[in-house]
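The structure appears below as structure tokens.
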Amino acid sequence: MATPVRDDESGEATTPARPRPLDAVRRWQPRSTFGRHALRVLAGIAVVVLVLETTSPFRNSQFATLAYYAIAAAGLTVLTGLNGQISLGHGALMAVGAYTTGLLLGSAGPPPLVLVMLAAAAVTAVVGVVVGAAASRLHGPYLAGATLAFAVAVPGLAIYFDGVLGGEQGMQIDSPRAPAWFADAIYFLSANDMSGAKYLAYIGWATLLVVLLLLANLAASRVGRVWRAVRDDEVAAELAGIRPGPVRVLAFTVSAACAGLAGAVLGIVVRLAAPSGFTIVLSLGLLTAVVVGGLGSLTGALLGGALLVFLPPAVTNLGQAAGLSGVAAAELAPLVYGVVLVLVVLLAPTGVVGTVGRLWRSARNPNPNNSNSNSTRRSR
């Protein structure tokens, strides 16, 4: 129990603040923002290796799917959560990345996979510059409508150029094989052989961790502060010397590059790029994942992606266990997902991450008014 100490100036007895359990942990964290984020990524790598080496190939495939959903949702978080632009066209941007990956991997003497994925991100970023330049002049429902038209138009290009892009049947994409050195390293660490599904999951999660590292540092930098300034008050940002147009284009470009990377991972995981895989449903699902997870939170993007991947099969299994047919149980999943979205919007408008953070702060500081008055008294 802490012993009261008498304040020399006011003469009142005050209780010294108890050391918090997290203070010792924070002392060991790097002081730089990049260092803290890099430390978290290293911890994430350890968790990814542990999870992928202890789960089945089916779960590995689900984790690979979660990876490309989370990459696209993280990019959309930057656009919608940090800059305030609503996009319904990120499914089409993922299509650009997937088809670019398919064309490059299907060419004679394909380049290394890293270069293919960087090329997919670069091509999608160029498309994002064009779309972002047009969208930067629009706001609210007009911006949503413009990106919706883009999402509807892009899959039709694959049908029009069916000789190159495969038409309705789609384009087959060759999945890469694990290099011998990588398989040997994983066997040395876990004594497990490398399977195709596991290697694709490693590719997806390595890409996701790199994207999260870059976006976290970008959000904490001056660029992120400018994005939030334009989102919160455009007029005040202009008075401060910020040009909202280029700021919006930059946010759209960064978000499009993330969508291109997500499309590249999707292409090599699914082994197919088809118009039916990039409909408006995909774009709406990504926006829903961002809202449910928490606008402006990269952790929320990861949680929202997990909800997209794991909730539908869980609901389908529960429906079949309750006696429903396979079709009826599958139709139950979108209903439950919609109910979850409505409940989050009504009961937790800041998303899962925002609500958990608010409850955590309330638990740590149950009487904020008393603490503020004590601090004011001490400052006097």
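Some notes on this structure:
- Test for ALA43: is it at pLDDT below 70 and over 30 Å from THR147 (Cα atoms): no
- Test: residue in the range 168-186 that is in a helix (DSSP H, G or I), in contact (Cβ under 8 Å) with a residue 40 or more places away in the chain and under 24 Å from THR279 (Cα atoms): yes
- Cβ separations smaller than 7 Å between residues 6+ apart or across chains give the following pairs from the range 36-54 residues that are farther than 17 Å from TYR202 by Cβ to residues that are loosely packed, with under 14 Cβ neighbours inside 10 Å: ARG36/GLN29; ARG36/PRO30; LEU39/GLN29; LEU39/PRO30.
- LEU287 touching a residue at least 60 places away in the same chain (Cβ under 8 Å), in a helix (DSSP H, G or I) and under 22 Å from GLY338 (Cα atoms): yes
- Taken together, the residues in the range 214-246 that are in a helix (DSSP H, G or I), surrounded by fewer than 20 Cβ atoms within 10 Å (Cβ to Cβ) and not small (Gly, Ala, Ser) amount to 14.
- Taken over the range 333-343, the criterion of being more than 18 Å from the chain's Cα centre (by Cα) and among the aliphatic types (A, V, I, L, M) is satisfied by ALA333, LEU335, VAL336, VAL339, VAL340, VAL342, LEU343.
- Selection of the range 203-229 for residues being among the charged types (D, E, K, R) and without any contact (Cβ under 8 Å) to a residue 24 or more places away in the chain yields ARG222, ARG225.
- Pairing residues of the range 105-120 that are in a helix (DSSP H, G or I) with residues that are of a type in the set (Asp, Glu), at Cβ distances under 6 Å and at least 6 apart in sequence or on separate chains, gives LEU105/ASP174.
Residue by residue, here is whether (1) at pLDDT 90 or above; (2) under 15 Å from the mean Cα position of the chain (by Cα); (3) part of a helix (DSSP H, G or I) holds:
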| position | (1), (2), (3) |
| --- | --- |
| GLY11 | no, no, no |
| ARG18 | no, no, no |
| GLY35 | no, no, yes |
| ALA38 | no, no, yes |
| VAL48 | yes, no, yes |
| LEU52 | yes, no, yes |
| SER61 | yes, no, yes |
| THR77 | yes, yes, yes |
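- Test: residue in the range 102-120 that is more than 22 Å from ALA251 (Cβ to Cβ) and among the hydroxyl-bearing types (Ser, Thr, Tyr): yes
- Any hit, the range 285-305, residues being closer than 27 Å to LEU103 by Cα, within 15 Å of the chain's Cα centre (by Cα) and either of a type in the set (A, V, I, L, M) or surrounded by fewer than 24 Cβ atoms within 10 Å (Cβ to Cβ) (or both): yes
- Flag if ALA134 is in contact (Cβ under 8 Å) with a residue 24 or more places away in the chain, surrounded by fewer than 22 Cβ atoms within 10 Å (Cβ to Cβ) and either more than 24 Å from ASP162 (Cβ to Cβ) or of a type in the set (Ser, Thr, Tyr) (or both): no
- Among the numbered conditions (1) touching a Lys or Arg at 6+ places or on another chain (Cβ under 9 Å); (2) assigned to a helix (DSSP H, G or I), the only one that VAL96 does not meet is (1).
- Candidate set from the range 129-140 (those that are of a type outside the set (D, E, K, R) and in contact with a helix residue (DSSP H, G or I) (Cβ under 8 Å, 6 or more places away or on another chain)); member that is modelled with the highest pLDDT: VAL129
The rows are residues; the columns are (1) within 23 Å of the chain's Cα centre (by Cα); (2) surrounded by 13 or more Cβ atoms within 10 Å (Cβ to Cβ).
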| residue | (1), (2) |
| --- | --- |
| THR124 | yes, yes |
| LEU143 | yes, yes |
| PHE150 | yes, yes |
| LEU157 | no, yes |
| GLY166 | no, yes |
| ASP193 | no, no |
| LEU200 | yes, yes |
| LEU212 | yes, yes |
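- Scanning the range 187-202 for residues that are more than 15 Å from ALA46 (Cα to Cα), among the hydroxyl-bearing types (Ser, Thr, Tyr) and in contact (Cβ under 8 Å) with a residue 24 or more places away in the chain yields one hit, SER195.
- PRO57 meets the conditions (1) under 19 Å from ALA183 (Cβ atoms); (2) surrounded by 18 or more Cβ atoms within 10 Å (Cβ to Cβ) in every case but one. The failed one is (2).
- Candidates LEU200, LEU215, LEU209, LEU143, filtered to the one that is under 27 Å from LEU303 (Cβ atoms) and at pLDDT below 85: LEU143
The values are calculated or read from the model by the stated rules, or taken from the named source; none is laboratory data. Quick caveat, the model's predicted, so the values are computed rather than measured. Positions of Cβ are generated from backbone atoms using ideal geometry, with glycine treated the same way; all protein chains shown enter the neighbour counts.
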